[in-house]
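Colleague: Let me give you the structure first, and then I'll get to my questions.
Read-outs throughout are calculated quantities, based only on the coordinates presented, and are distinct from any laboratory measurement. For clarity, every value in this text was computed on a predicted model and none was experimentally measured. Counting neighbours? That spans all protein chains shown, and the Cβs are built from the backbone with ideal geometry, glycine included.
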Amino acid sequence: MIAKGAVAIAEGRIGKPLEKYYAGRTRAPLQRSFIAFKSSAWLVVLSGFVEPVLYLFSFGFGVGALIGGITAADGSTISYAAYIAPGLLATSAMNGAIYDSTWNVFWKINESKLYQGMLATSLGPLDVALGEIAWALLRGLMYAIGFMIVVTPLGLIENWWGLLAIPAAVLIAFGFASFGMAATSYMKSFQQMNYINMFMLPMFLFSGSFFPLTVYPEIVQWFIKILPLWHGISLIRGLTLGQIDSSILGHVLYFIVMIALGLWFTTKRLNALFLR
Amino acid sequence: MTSLISARSLTKTYGDFVAVDQINFEVLKGESFGLLGPNGAGKSTIMRMIGATLQRSSGELAVLGKDPEKFGPQIRAHLGVVPQQDNLDSELTVRENLYIYGRYFGLSKKFLTPKIQELLEFAQLEEKRDVKVEALSGGMKRRLTIARALVSEPEILMLDEPTTGLDPQARHILWDRLFRLKELGVTLLLTTHFMDEAEQLCQRLIVMDKGKIMAEDSPAELIRKYVTKEVLELRFGSDKNSQFVDQLRQKCDRIEQLPDRILLYTNDGETLLTEIVGSGLHPITSLVRRSSLEDVFLRLTGRSLIE
Ligand SMILES: Nc1ncnc2c1ncn2[C@@H]1O[C@H](COP(=O)(O)OP(=O)(O)OP(=O)(O)O)[C@@H](O)[C@H]1O
Ligand SMILES: [Mg+2]
């Protein structure tokens, strides 16, 4: 029994960049998620999608009816629902990504020993990190597409730039998934995991999803602008409202850095946890 | 014979604690090699260092001629690992577990489809193929973990306490499977704290205690070297045992006093028993048996110095 297959495959990576950490098989852990997903709780999956839609209907149309329109940066007036829709889209991408990359990852690291099993094979920690993050990102993407399907017929996406909201949602989901997994890999207990929730809800409420940041004193505005969700919301709002300027690039860059940092820390941490 | 694994002064420390202390050993191609030792001896630590999932603190280690720390993924591609605690994928079925594990190695579906069928037969899990792992018994899970380790056709199969927690019947089924693998030429490296398992499965073994190697040889040779052929076990009642130890000491090669019984090492147990009874001593129970690795261990771990 000579292991031609597995050995030949692994030796094929010798000399390639990051060979100790990356076997070029992001697909394998991703495929694992697909197989496991078939038998997962659909209701939970669905609830993540429904949540932002409920917000849209209650705040967008409810509160919107009370306050009328909102004056955008360029002086034009838009409906309140059209104002908050991009915020909710960014939030749903975030929620989808966070769902899989935090609690699920915590369970896989600490309870199910799943990564321990994966890393006893010829996979590397970067394969595992990328595969898991890709899966979380896909859920973010699903939620974003679902949300677009609801809001577009309502006339809340007024121009073609709005289509770019989907790839933007992928970027946002990627950023949150990779950061979420990195943070989770450092968490040692369920109590610590709750810190993530304690951080997420205020971020959602204050990152400009429901009203412009200008209502806050400047110092608070600065603080919020450090947080990722504000960048996500501003990016998507710029696209759906057709306000295209250089700030868009800044937001994109923010997420690219977030993705890179998250991947780097996750890989490092998986290596420390399971390979030393 | 080529050596597949070779350790020189291999050491692992956790802070000040030395879990594996400068050990040397070689595992040859095609043999079944055992690490025998009590809890905390350092067996799992050695297995994980060989499996390229734990870094050593010092010393040298070569697996298939390569350093596991430099060629982790490549070395792991040669190994089938059965960890001490099952880490099967509880969200997947039996078949899916085998399939996805093969995918982790990069193996194709075409390769895996017949392979999985073969492994399900090997592990006697064909009826359970579409059952979630959670619904398997302990013995079935263990067999599945072994089958899973074989999906990549590894050259070396590493089993960390393969039968701990299984009932005797399940253990015998597993032993049978492992024998077959050995016949196919797979090199087996296993740890155990069952003496009978070591005797059954290992051609050669090291006896470990507190991170150190106490002895290394084949089971038969260890018994020959360190203990007599037979053991006579006597019970006089727990408070009386010590009364007779001195009296019995001259009659045999070596004596061990355990809390509940006295062990007398001799090459002819029946004759010794007749002699003892003839001299007017009347143990409550007596048993003559062949010496085992258990006795070797007793001798090696220091308690025999009471002699
Ligand atoms: N991560 C760790 N940190 C500190 N000490 C550790 C760690 N892992 C193992 N040890 C210690 O190293 C020693 C050897 O452990 P190991 O698991 O190798 O023993 P073992 O021979 O496999 O025992 P068992 O039969 O109980 O499985 C033990 O004393 C254990 O407490
Ligand atoms: Mg152990």
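Colleague: Quick one, can you get me the convex hull of the C-alpha atoms of the protein assembly as shown expressed as volume per residue in Å³?
Modeller: So the per-residue Cα hull volume is 197 Å³.
Colleague: Checking a compactness column here: for the stretch B:3-217, what do you get for Rg(Cα) / (2.2 N^0.38 Å), N being the number of residues?
Modeller: 1.00
Colleague: Given A:THR240, A:GLY68, A:PHE199, which one lies farthest toward the positive end of the charge dipole of chain A, if we put +1 on the Cβ of every Lys and Arg and -1 on the Cβ of every Asp and Glu?
Modeller: Checking the options against the dipole of chain A, the answer is A:PHE199.
Colleague: Using modelled backbone amide H atoms (1.01 Å from N, in-plane), which distant-in-sequence or interchain residues come within less than 5 Å of B:VAL81's amide H?
Modeller: Close amide H contacts, sequence-distant or interchain: B:MET158.
Colleague: Now for a separate question. Using only Cα atoms, tell me the angle between helix A:247-274 and the longest principal axis of chain A; keep it within 0 to 90° and round to the nearest 10.
Modeller: Roughly 30 degrees between the two axes.
Colleague: Given R₀ = 51 Å, FRET efficiency for B:GLU121-B:ARG289 by Cβ-Cβ distance, to 0.05?
Modeller: Efficiency, from the Cβ-Cβ distance: 0.85.
Colleague: Let me ask you something else. With +1 on each Lys and Arg Cβ and -1 on each Asp and Glu Cβ, how big is the dipole of the protein assembly as shown about its Cα centre, in debye rounded to the nearest 20?
Modeller: In debye, rounded to 20, the protein assembly as shown gives about 860.
Colleague: Another one. Mind giving me the nanometre distance, one decimal, between the label points for B:GLU270 and A:VAL50, set 7 Å out from Cα along Cα→Cβ?
Modeller: A separation of 8.0 nm, rounded to one decimal place.
Colleague: Residue-wise, which Karplus ³J(HN,Hα) couplings in Hz belong to the stretch B:96-112, taking 6.51 cos²θ - 1.76 cosθ + 1.60, θ = phi - 60°, and x for glycine or proline?
Modeller: 4, 4, 5, 5, 5, 5, x, 5, 4, 7, x, 6, 7, 4, 4, 5, 6
Colleague: What's the angle, to the nearest 10 degrees (0 to 90), between helix B:168-183's Cα axis and the longest principal axis of chain B?
Modeller: Taking the Cα atoms of chain B, the angle to B:168-183 is about 60 degrees.
Colleague: Which FRET efficiency value, to the nearest 0.05, is calculated for A:ARG27 and B:ASP67 with the Förster distance at 30 angstrom and r the Cβ-Cβ distance?
Modeller: 0.60
Colleague: Translational D (Stokes-Einstein, µm²/s) of the stretch A:70-140 at 4 °C and 1.567 mPa s when Rh comes from the Kirkwood sum over C-alpha pairs?
Modeller: Rounded, D is 89 µm²/s.
Colleague: Provide the three semi-axes, in whole Å and in decreasing order, of the ellipsoid equivalent to the stretch B:23-120 as defined by the square roots of 5 times the Cα gyration tensor eigenvalues.
Modeller: Three semi-axes, in Å: 28, 17, 13.
Colleague: While we're here: For the protein assembly as shown, build the charge dipole from Cβ charges (+1 Lys, Arg; -1 Asp, Glu) around the Cα centre, then report which of B:THR301, A:GLY162, B:ASN24 sits farthest towards its positive end.
Modeller: The residue sitting farthest along the positive end of the dipole is A:GLY162.
Colleague: For the stretch A:207-276, divide the Cα radius of gyration by the Kirkwood radius and give the resulting Rg/Rh value with two decimals.
Modeller: Rg/Rh: 1.15.
Colleague: Tell me the label-point distance for the pair B:GLN55, B:VAL277, using the 7 Å Cα-to-Cβ offset, in nm and rounded to one decimal.
Modeller: The answer from the label model is 6.4 nm.
Colleague: Please work out the Cα center distance from the stretch B:45-123 to the stretch B:218-248, rounded to the nearest Å.
Modeller: Each part's Cα centre sits 43 Å from the other's.
Colleague: Then there is this: Kindly count the pairs of lysines across the stretch B:3-217 whose alpha carbons are less than 16 Å apart, treating pairs on different chains or eight or more residues apart as eligible.
Modeller: 9
Colleague: On to the next question. Using the count of nearby Cβ atoms within 10 Å as a rough guide to exposure, how do B:VAL288, A:VAL220, B:VAL207, A:VAL150 rank from fewest to most?
Modeller: Ascending number of Cβ neighbours within 10 Å: A:VAL220, B:VAL288, A:VAL150, B:VAL207.
Colleague: Total Lys pairs in the stretch A:19-274 closer than 30 Å by alpha-carbon, pairs eight or more apart in sequence or interchain only?
Modeller: Within the stretch A:19-274, the lysine pair count is 14.
Colleague: Give a residue-ordered list of calculated ³J(HN,Hα) values for the stretch B:49-56 (Karplus: 6.51 cos²θ - 1.76 cosθ + 1.60, θ = phi - 60°; whole Hz; x for Gly, Pro).
Modeller: 5, 5, x, 6, 10, 8, 7, 7
Colleague: Roughly what would the spin-label model give for B:LYS110 and A:SER246, points 7 Å off Cα along C-beta, in nm?
Modeller: Placing both labels 7 Å beyond Cα along the Cβ direction yields 5.4 nm.
Colleague: Moving on. Roughly how many debye, to the nearest 20, is the charge dipole of the stretch B:228-290 about its Cα centre, given +1 on each Lys and Arg Cβ, -1 on each Asp and Glu Cβ, and no other charges?
Modeller: In debye, rounded to 20, the stretch B:228-290 gives about 80.
Colleague: Net charge near B:GLY37, counting Lys/Arg +1 and Asp/Glu -1 over other residues with Cβ under 14 Å of its Cβ?
Modeller: Here the charged neighbours net out to -4.
Colleague: Can you list the residues, at least 5 places off or on another chain, whose amide H is less than 5 Å from the amide H of B:ARG254, using H built in the peptide plane?
Modeller: Counting only residues 5 or more places away or on other chains, the set is B:TYR265.
Colleague: Further question on the same structure: A:ALA65 to A:LEU18: FRET efficiency via 1/(1 + (r/R0)^6), r the Cβ-Cβ distance, R0 56 Å, to the nearest 0.05?
Modeller: Step by step, r from the Cβ atoms, then E = 0.55.
Colleague: Apply the Karplus parameterisation 6.51 cos²θ - 1.76 cosθ + 1.60, with θ equal to phi minus 60°, to every residue of the stretch A:47-52 and state each ³J(HN,Hα) to the nearest whole Hz, in sequence, with x for glycine and proline.
Modeller: These are the phi-based 3J(HN,Hα) values: 4, x, 7, 5, 3, x Hz.
Colleague: While we're looking at this one, here's another question. Which cross-chain or sequence-distant (5 or more) residues have an amide H under 5 Å from the amide H of B:GLY34, H modelled 1.01 Å from N in plane?
Modeller: B:LEU190, B:ARG204, B:LEU205, B:ILE206
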